[in-house]
Amino acid sequence: MTSYDVTLERTDGPNRTLEVADDETVLDAAQRAGIRLPYDCRKGTCITCVGRLVGLEDGGSESETDETARPRDADAFTYRRTPRALTDGERADGYVLLCIAQPRTDCRIEVGPRVRAEVGDSPWS
Ligand code: FES
């Protein structure tokens, strides 16, 4: 089975790298590894689990840190169901719902309260 290395970056704590199977969500892999991430609905509607994609690591061609080159969630993930809590603009800015996102490449994701504060409340919760 294919798996991907997903590094969770926190502004206030150590980074952790997870191995996430291709049929697994980032949240499920984190829980399996004993890493606590916030969540609520687990359905892509409440935004509680949001993270932000900050880099792709596909064969050594790591993405630019330049804001204009920020990867989209679609560059790195497939979703189990529609991520209704995010607008198209937020997805284009790299925000990703970790409860339903399954990685398709090695990547780095910023998590924590700062990311959550950047995104408004979900219209679905
Ligand atoms: S836990 Fe609600 S959107 Fe992920």
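Per-structure values
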item	result
Filter result (part of a loop (DSSP other than H, G, I, E, B) and within 26 Å of Asp12 (Cβ to Cβ)) within segment 100-125	Ile100, Asp106, Gly112, Val119, Gly120, Asp121, Ser122, Ser125
Filtered residues of segment 20-40 (kept if small (Gly, Ala, Ser) and more than 15 Å from the ligand (Cβ to nearest atom))	Ala21, Ala33, Gly34
Residue, nearest to Ala30 (Cα to Cα), within segment 86-108, restricted to residues that are in contact with a Gly (Cβ under 6 Å, 6 or more places away or on another chain) and within 13 Å of the ligand (Cβ to nearest atom)	Leu98
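Where a number appears in this text, it was derived from the coordinates with a stated rule and is not lab data. Model, not experiment: these values are computed from the prediction. Counting neighbours? That spans all protein chains shown, and the Cβs are built from the backbone with ideal geometry, glycine included.
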